[in-house]
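The values are calculated or read from the model by the stated rules, or taken from the named source; none is laboratory data. Just so it is clear, the structure is predicted and the values come from calculations on it, not from any experiment. Here the Cβ is made from the backbone with ideal geometry for all residues, glycine too, and neighbour counts use every protein chain on show. We work out accessible area using only protein heavy atoms, side chains counted, and drop any ligands, DNA or RNA first. Shrake-Rupley method; radii C 1.70, N 1.55, O 1.52, S 1.80 Å.
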Amino acid sequence: MIAVLTGDIVYSTSADSSETWLPDLKEIFVRIEDRFELTGNGAEMHRGDGFQLGLHDPRQALRVAFIIRAGLIKSTKTDHKMDTRIAIGIGEYAYLENSVNESFGDAFTRSGHALDELKNSDDRLALSSDNPDFDGEMSVSLTFADIFVKSWSQADAEIAWYFWMENLTQSEIAKELNISQPAVSKRKKRAHIDEFELLLNRFETKTKYM
């Protein structure tokens, strides 16, 4: 059982060129590869503004999805806030190659189909597994989570990044950003980090037994 994340950049056609976001996205993937166990050679770009990565531990999938979005939003360099759609597929794999784009199986199929459905909606997060009850529960939760992520400022996304990717405490973040700890607490509340943690814990608990 693995998780596959398939995504594409939102507003990529509005950006001056991929030079405004591609280096940042690649750096995000480097950081993720350092912390999480990815399948094959790690994350790969495809179809211009699309990407895909596989995770050996499905419990990490939603956290990684939020990390990617936080990293991209905080790094925005254009008038349009950069973001990404991400579809998570959880399932078995039939074949795992070093290149994630050359691997296939149920998890890959589910992720690809879920992303295609996302393109026809305003949502930017989706999940597909072989458990309809789990998917239904998460679908409602992800809709609300997506509203919060879309409302993030760059400062909000930066706080989310330090909590989830760097795994820093509030005092450590305050030192890193050269701001007060109450200011970090205020940003954390504005970014709804505690509410996201409730969702992440629920997701990790449910996927543990799949």
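Brief remarks on what is shown
- For the chain, a simple Cβ point-charge model (Lys and Arg +1, Asp and Glu -1, everything else neutral) yields a dipole of about 760 debye relative to the Cα centre.
- Mean Cα-pair separation over length for the chain, i.e. relative contact order, pairs under 8 Å, 6 or more apart, %: 22 percent
- Using alpha-carbon coordinates, inclination of helix 106-118 to the longest axis of the chain, degrees: 60 degrees
- Crossing angle, helix 181-190 versus the chain [Cα axis fit, 0-90 degrees, rounded to tens]: 40 degrees
- Given charges at Cβ of Lys, Arg, Asp, Glu: the chain dipole, positive-most of ALA114, PHE51, LEU62: LEU62
- Helix-only CD estimate at 222 nm, as mean residue ellipticity for the chain, using -39500 (n - 2.57) per DSSP H run (n ≥ 4): -16000 deg cm²/dmol
- Here the Karplus curve 6.51 cos²θ - 1.76 cosθ + 1.60, taken at θ = phi - 60°, turns the phi angles of the stretch 58-63 into couplings of x, 4, 8, 4, 5, 4 Hz, with x standing for Gly and Pro.
- When each of LYS26/LYS175; LYS74/LYS175; LYS74/LYS208; LYS77/LYS188; LYS74/LYS189; LYS77/LYS150 is checked by Cα-Cα distance, pairs over 20 Å: LYS26/LYS175; LYS74/LYS208; LYS77/LYS188
- Projecting the Cα atoms of ASN41, THR20, ILE2 onto the dipole axis of the stretch 1-84, where Lys and Arg carry +1 and Asp and Glu carry -1 at the beta carbon, places ILE2 farthest toward the positive end.
- Apolar share of the accessible surface for the stretch 61-201: 46 percent from carbon plus sulfur atoms, 1.4 Å probe.
- The angle between the Cα long axis of helix 193-208 and the main principal axis of the chain comes to about 20°, on a 0 to 90 degree scale.
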